[in-house]
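What follows is a single structure, written as structure tokens, with notes after it.
The values are calculated or read from the model by the stated rules, or taken from the named source; none is laboratory data. Not measured: the values here are computed from a predicted model. Here the Cβ positions follow ideal geometry from the backbone for every residue, glycine too, while neighbour counts run over all protein chains shown. Calculation scope for accessible area: heavy atoms of the full protein, side chains included, ligands and nucleic acids excluded. Shrake-Rupley method; radii C 1.70, N 1.55, O 1.52, S 1.80 Å.
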Amino acid sequence: QVHLVESGGGLAQAGGSLRLSCAASGNIFSPNVMGWYRQAPGKQRELVATITNGGSTNYPDSLKGRFTISRDNAKNTVYLQMNSLKPEDTAVYYCGFRMGWSKVIYESDYWGQGTQVTVSS
């Protein structure tokens, strides 16, 4: 079992920044991948960014340049730096974890409880 605890969500103005953190605990083995997905009201959950324990990252083209994912393997913690925020970034952001090498995290993998990010115009 792996337990994930997210922090750092909240309210930001358009053009502002927020940083999310997610700490993993439990039976963690390498290789693994951690990352962030988001879900806005009425929409499907979508990929924000993932990063393997080796440092390989994966972003959708639409978020490259504004969002940056990083991780501290010693702390089993992943971070998401979000810059130049837009109202359309408003969503619940979920931290995910998957054992093994992967660029994505699946619904059946481990997930945090989610943290709300609201961007006002």
Do you know which residues across the stretch 67-118 are assigned to a loop (DSSP other than H, G, I, E, B), open to solvent by 20 Å² or more (accessible area, probe 1.4 Å) and of a type in the set (A, V, I, L, M)? Ala74, Val104
Among the residues of the stretch 35-66, which ones are open to solvent by less than 30 Å² (accessible area, probe 1.4 Å) and charged (D, E, K, R)? Arg38
Please specify each residue of the stretch 21-56 satisfying the condition of being in contact with a Ser or Thr (Cβ under 7 Å, 6 or more places away or on another chain) and either free of Cβ contacts under 8 Å to residues at least 24 places away in the same chain or among the charged types (D, E, K, R) (or both). Asn53
Test: residue in the stretch 61-73 that is of a type in the set (A, V, I, L, M) and within 19 Å of Gln1 (Cα to Cα): no
Go through the stretch 31-66 and give me each residue that's part of a loop (DSSP other than H, G, I, E, B) and touching a Gly at 6+ places or on another chain (Cβ under 8 Å). Pro31
Of the candidates Gln39, Gln81, Gln13, the one satisfying the condition of being modelled with pLDDT of 95 or more and either in contact with a helix residue (DSSP H, G or I) (Cβ under 7 Å, 6 or more places away or on another chain) or within 15 Å of Gln116 (Cβ to Cβ) (or both) is Gln39
Go through the stretch 4-39 and report how many residues are under 17 Å from the mean Cα position of the chain (by Cα) and within 23 Å of Lys103 (Cβ to Cβ). 16
Could you check, for the stretch 15-34, whether at least one of its residues is in contact with an Asp or Glu (Cβ under 7 Å, 6 or more places away or on another chain), open to solvent by less than 40 Å² (accessible area, probe 1.4 Å) and not hydroxyl-bearing (Ser, Thr, Tyr)? yes
Considering only residues that are of a type outside the set (Gly, Ala, Ser), on the phi < 0 side of the Ramachandran plot and over 12 Å from the mean Cα position of the chain (by Cα), which ones fall in the stretch 64-80? Lys64, Arg66, Asp72, Asn73, Lys75
